[in-house]
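Structure first, commentary second.
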Amino acid sequence: MGGLDGRTSVHGPDAAVAGASPTDATAANASATASAIPLQQNHSSALGATAALLALIVLSVAWEGWLAPLRPGGSVLVLKALPLLIALPGVWRRRLYTQQWASMLILLYFAEGIVRGWSDHGLSAQLGWLETALSVVFFVCTLAYVAPFKRAAKQAAKQAAKQAAKQATEQTAEQSAKHAARQAVQQTTRQQPPPGAE
């Protein structure tokens, strides 16, 4: 979500907005409050994404290593498992940033599975369709896991904007009231007769 982070740290509002203007302080407090709202995480989606990613890694190595490589004895395409291995720790720890870019990366494997499922024959074609299916599972699971955090971020932004607008309106009203009070005092002073005028 710009990027969302699964690890949220919320400090006290006084420490977070020290030295800030009232409007900024209100917006910061609103953002901190919204980010502190507990989210109902979809653990099944996270586990599904991890399982699908592990299966894709095993499939990539076995497919290009000995099951149905492009060349007998193994293919250099076995290296396509490396990007998945890089994403595995972050997906395992349920880091939102990793889940987001991995969901985009998986589209390459989806496309490869479609192409090789149609163009290859025998076991290689079957493995291509299996790769496509696992890519779809991973993509759907990551979207299901990330979606609540994106909704929470949008809600926090709206809440911060509303509180900032409310604070600005209150400040404007307060300044208007002070200005009106000063004018009333000045007008009263002018209407009073000078000492000894009677």
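The values are calculated or read from the model by the stated rules, or taken from the named source; none is laboratory data. Quick caveat, the model's predicted, so the values are computed rather than measured. Cβ atoms come from the backbone with ideal geometry, glycine included; neighbour counts cover every protein chain shown.
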message = Considering only segment 75-95, I want to know if a residue exists there that is surrounded by 19 or more Cβ atoms within 10 Å (Cβ to Cβ) and touching a Lys or Arg at 6+ places or on another chain (Cβ under 9 Å).
response = no
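Could you check how many residues of segment 96-109 are among the hydrophobic types (A, V, I, L, M, F, W, C) and surrounded by fewer than 19 Cβ atoms within 10 Å (Cβ to Cβ)?
5
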message = Looking for something farther than 25 Å from residue 48 by Cβ and either among the basic types (Lys, Arg) or at pLDDT below 75 (or both) - is there at least one such residue anywhere in segment 117-125?
response = no
message = For the list (1) at pLDDT 50 or above; (2) of a type in the set (Gly, Ala, Ser); (3) in contact with a helix residue (DSSP H, G or I) (Cβ under 7 Å, 6 or more places away or on another chain), I need the number of the one condition that residue 30 fails.
response = (1)
key: Any chance residue 133 is of a type in the set (Gly, Ala, Ser) and within 30 Å of residue 78 (Cβ to Cβ)   = yes
remark   = Within segment 58-74, of all residues that are buried (at least 19 other Cβ atoms within 10 Å of the Cβ) and of a type in the set (A, V, I, L, M), the one modelled with the lowest pLDDT is 68
key: In segment 142-157, the residues that are of a type in the set (A, V, I, L, M), surrounded by fewer than 18 Cβ atoms within 10 Å (Cβ to Cβ) and modelled with pLDDT under 80   = 153, 157
inquiry  = Just the residues that are surrounded by 15 or more Cβ atoms within 10 Å (Cβ to Cβ) and over 27 Å from residue 97 (Cβ atoms), please, taken from segment 110-125.
reply    = 114, 116, 117, 120, 124, 125
task = State which residue pairs qualify: first residue more than 21 Å from residue 127 (Cα to Cα) and inside segment 100-111, second residue surrounded by fewer than 16 Cβ atoms within 10 Å (Cβ to Cβ) in any location, beta carbons under 6 Å apart, and separation of 6 or more residues or different chains.
result = none
request  = Name, by its number, the condition in (1) of a type outside the set (Phe, Trp, Tyr); (2) farther than 25 Å from residue 117 by Cβ; (3) assigned to a helix (DSSP H, G or I); (4) modelled with pLDDT under 90 that does not hold for residue 77.
outcome  = (2)
